[in-house]
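Enquirer: Here it is, the structure in full.
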Amino acid sequence: MYRNFICSNLFLFYFLFSVSAVAQVRDSTSAGATLPDTAAMIMGSVTVIGNKITKEHIILRELAFHTGDTLSPADFNAKRIRSEENLYNTSLFNSAKLTYLEAPDGTTSIYVILKERWYIFPLPIFEVVDRNFNVWWRTKDFSRIVYGALLTWNNFRGRNETVSLSLRLGYVQQVNFSYSIPYINKNQHSGLSFGFSYARNHQVGYKTSFDDVVYYKDTMNFAREAYAGSIEYNYRKGLYTKHYFSVGFFQLEVQDTLVELNPEYLATGKSSERFFSLRYLYRKDHRDYIHYPLRGYTYNIEVVKNGFTFLNDDVNYLYLTAEFKKFWELGGRFYFGASFRGKLSDSHFQPYANTRALGYGRDYVRGYEYYVTDGQHFGLFKTNLKFEIFPKKELHAGFIPLEKFATIPFSFFLNLYADAAYVEDVQFSNVMYTTNRLPNTWLHGYGIGVDMVSYYDIVIRLDFSFNKFGESGLFLHFAAPI
């Protein structure tokens, strides 16, 4: 399901301009004293300021240096900046600055100055269930709207834990609960999370035709009912490398009509599906800002095994995904980014309900937002040249009583981009799917766009894209392009 906070995002976009007449605009610069002239700096005491809720050990965990380290001024400056980025990437703070003073004993005293975010969000839900907002906008079908309530408590107990409970009604009736604990041991290397969900809906996409999803709808009965639960262990010894191990259970039941319409919707023509899943994910992340990076790199490798014969599961297949992203600062407010994401599956059958390639989530070629490309293997390459129209500014809206919302950072970027992809489908190329043009062919798209980045990790993108068919369109997105 594509989560759409369009109402709040458009309100923020309007708000940024409406308050500009009464807001104080200032540059957002990094705090810090002049580096000392000494040949080496010995890291001394660390004082944290502004953490009214966050426990100090959560903050110290993100620093790129330790008390007692001896660093050159250049090394210290690099680690100071990296520590600020690490703290900001926790999504716990609106700002994180490090400054320092030379102590009487000759060491360098460090001061971590923080502005905490608001952590408790009881919010109404108003979402579209289509793959992205642009697909829904074509029809503006309000029967495909989900409404409800969401309660998210970030930084629960001041330990960067997250508790989330949501109830959705309308097109989908769904309840979700999740609890994430980043650190469960004293040395803060291990974490644990778990969750479960239940969902049922009247309308189900049962096949792909003309490179789009075809739906079946039963207004009186529920066409699909799903249960899912998982528990995950993560291991983070250093600052930038993480390992995830998870086990999950999934059960899906559908009407017999769906199986008649597409015998490959579930495994072997069944109307129900049950299986266990094992997953391992390795991730290394050296980006400056994870929600909208301009410098650095990240890569990850994921292996997923769905179903086991010794458990009599209804599916039995394995797939591997890999992703690499790199970002460069070119100078003169120009930036460049490139990414590759690929998927390989084994030769076992994957039911239609479990097969995903391009057109879902963030896996798409720009210019093909209206299309779906099914397959078991794919490669997706994206490039982006950015120009920073407005360097990062802050709107200080003094009339907002809550300090955590009164300072609004924002920046704007102009983008030129080009994407390419190939999806290989070895299962669904039979008579039922011969109308699809995109599998087993090269796809390419390109265009120009404008991005706005603001606080609480908000990204709003407006792209004007072209695809290989000569089609063009204006598309709205709510996440970084790469």
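Residue-wise test of (1) in contact with an Asp or Glu (Cβ under 6 Å, 6 or more places away or on another chain); (2) of a type in the set (S, T, N, Q).
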{"residue": "Val259", "(1), (2)": "no, no"}
{"residue": "Leu266", "(1), (2)": "yes, no"}
{"residue": "Ser271", "(1), (2)": "yes, yes"}
{"residue": "Phe275", "(1), (2)": "yes, no"}
{"residue": "His286", "(1), (2)": "no, no"}
{"residue": "Ile290", "(1), (2)": "no, no"}
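Enquirer: While we're here: Collect the residues in segment 453-470 that are in contact with a strand residue (DSSP E or B) (Cβ under 9 Å, 6 or more places away or on another chain) and either in the same structural domain as Asn94 (by TED's automatic domain parsing) or among the acidic types (Asp, Glu) (or both), keeping them in residue-number order.
Expert: Start the filter on segment 453-470 by keeping residues that are in contact with a strand residue (DSSP E or B) (Cβ under 9 Å, 6 or more places away or on another chain), which leaves 453-456, 458-468.
If the condition is that a residue be in contact with a strand residue (DSSP E or B) (Cβ under 9 Å, 6 or more places away or on another chain) and either in the same structural domain as Asn94 (by TED's automatic domain parsing) or among the acidic types (Asp, Glu) (or both), then Asp463 is the only one that fits.
Enquirer: Same structure again: Does Tyr216 fit the bill of being in contact with a strand residue (DSSP E or B) (Cβ under 8 Å, 6 or more places away or on another chain) and in contact (Cβ under 8 Å) with a residue 40 or more places away in the chain? Before the answer, list the steps.
Expert: Details: in contact with a strand residue (DSSP E or B) (Cβ under 8 Å, 6 or more places away or on another chain): yes; in contact (Cβ under 8 Å) with a residue 40 or more places away in the chain: yes.
Criteria met by Tyr216.
Enquirer: Then there's this: Conditions: (1) part of a strand (DSSP E or B); (2) within 27 Å of Ala479 (Cβ to Cβ); (3) in contact (Cβ under 8 Å) with a residue 60 or more places away in the chain. Lys207 meets all but one. Number of the miss?
Expert: Evaluating Lys207 over (1) part of a strand (DSSP E or B); (2) within 27 Å of Ala479 (Cβ to Cβ); (3) in contact (Cβ under 8 Å) with a residue 60 or more places away in the chain leaves (2) as the failure.
Enquirer: Here is a list: Tyr244, Tyr233, Tyr265, Tyr216. Which entry is in a strand (DSSP E or B), under 26 Å from Asn176 (Cβ atoms) and modelled with pLDDT under 95? Explain how you work it out, then say what you get.
Expert: Details: Tyr244 fails: modelled with pLDDT under 95; Tyr233 fails: modelled with pLDDT under 95; Tyr265 fails: in a strand (DSSP E or B).
Of Tyr244, Tyr233, Tyr265, Tyr216, the one residue that is in a strand (DSSP E or B), under 26 Å from Asn176 (Cβ atoms) and modelled with pLDDT under 95 is Tyr216.
Enquirer: Take the residues of segment 436-482 that are hydroxyl-bearing (Ser, Thr, Tyr) and crowded, with 19+ Cβ neighbours inside 10 Å: which is modelled with the lowest pLDDT?
Expert: Ranking the qualifying residues of segment 436-482, first place goes to Ser454.
Enquirer: Something else now. Taking segment 321-368, which residues are on the phi > 0 side of the Ramachandran plot and not in a strand (DSSP E or B)?
Expert: Passing the criteria: Gly332, Arg333, Gly359, Gly361, Gly367.
Enquirer: Could you grab me the full set of residues in segment 202-260 that are more than 26 Å from the chain's Cα centre (by Cα) and surrounded by fewer than 16 Cβ atoms within 10 Å (Cβ to Cβ)?
Expert: Those that are more than 26 Å from the chain's Cα centre (by Cα) and surrounded by fewer than 16 Cβ atoms within 10 Å (Cβ to Cβ): Ser209, Phe210, Val214, Tyr215, Lys217, Asp218, Thr219, Met220, Asn221, Asp256, Thr257, Glu260.
Enquirer: Applying the selection to segment 390-411, what residues are of a type in the set (A, V, I, L, M, F, W, C) and either farther than 21 Å from Ala480 by Cβ or modelled with pLDDT of 95 or more (or both)? It would help to see each step written out before you state the result.
Expert: Looking only at segment 390-411, we keep the residues that are of a type in the set (A, V, I, L, M, F, W, C), and these are 390, 395, 397, 399-400, 402, 405-406, 408, 410.
Residues satisfying the conditions are Leu395, Ala397, Phe399, Ile400, Leu402, Phe405, Ala406.
Enquirer: In addition: Go through (1) at pLDDT 90 or above; (2) over 22 Å from Val213 (Cβ atoms) for Leu358 and report which single condition fails.
Expert: So the condition that Leu358 fails would be (2).
Enquirer: Mind checking which residues of segment 143-172 are farther than 24 Å from Leu114 by Cβ and touching a Leu at 6+ places or on another chain (Cβ under 9 Å)?
Expert: The answer is Val146, Tyr147, Gly148, Ala149, Leu150, Leu151, Leu165, Ser166, Leu167, Arg168.
Enquirer: For the list (1) in contact with a Ser or Thr (Cβ under 6 Å, 6 or more places away or on another chain); (2) buried (at least 21 other Cβ atoms within 10 Å of the Cβ); (3) modelled with pLDDT of 95 or more, I need the number of the one condition that Arg279 fails.
Expert: Here Arg279 clears every test but (2).
Enquirer: In addition: Tell me, please, whether a residue that is surrounded by 15 or more Cβ atoms within 10 Å (Cβ to Cβ), modelled with pLDDT under 95 and more than 30 Å from Asp457 (Cα to Cα) can be found in segment 32-41. Steps first, please.
Expert: Kept after step one, since they are surrounded by 15 or more Cβ atoms within 10 Å (Cβ to Cβ), are these residues of segment 32-41: 32, 35, 41.
Next cut, modelled with pLDDT under 95 only: 32, 35, 41.
Subsequent filtering for residues that are more than 30 Å from Asp457 (Cα to Cα) retains 35, 41.
Within segment 32-41, one or more residues are surrounded by 15 or more Cβ atoms within 10 Å (Cβ to Cβ), modelled with pLDDT under 95 and more than 30 Å from Asp457 (Cα to Cα).
Enquirer: Just checking: which of the strands (runs of 3 or more DSSP E) contained wholly in segment 76-185 hold 1 or more residues that are aliphatic (A, V, I, L, M) and closer than 21 Å to Tyr215 by Cα? It would help to see each step written out before you state the result.
Expert: Working: elements: 93-102, 108-116, 120-128, 145-156, 161-170, 172-181.
Where strands (runs of 3 or more DSSP E) fall fully within segment 76-185 and carry at least 1 residues being aliphatic (A, V, I, L, M) and closer than 21 Å to Tyr215 by Cα, they are 120-128, 145-156, 161-170, 172-181.
The values are calculated or read from the model by the stated rules, or taken from the named source; none is laboratory data. Values in this document were obtained by computation on a predicted structure and should not be read as measured data. Cβ: placed from backbone, ideal geometry, glycine included. Neighbour counts: every protein chain shown.
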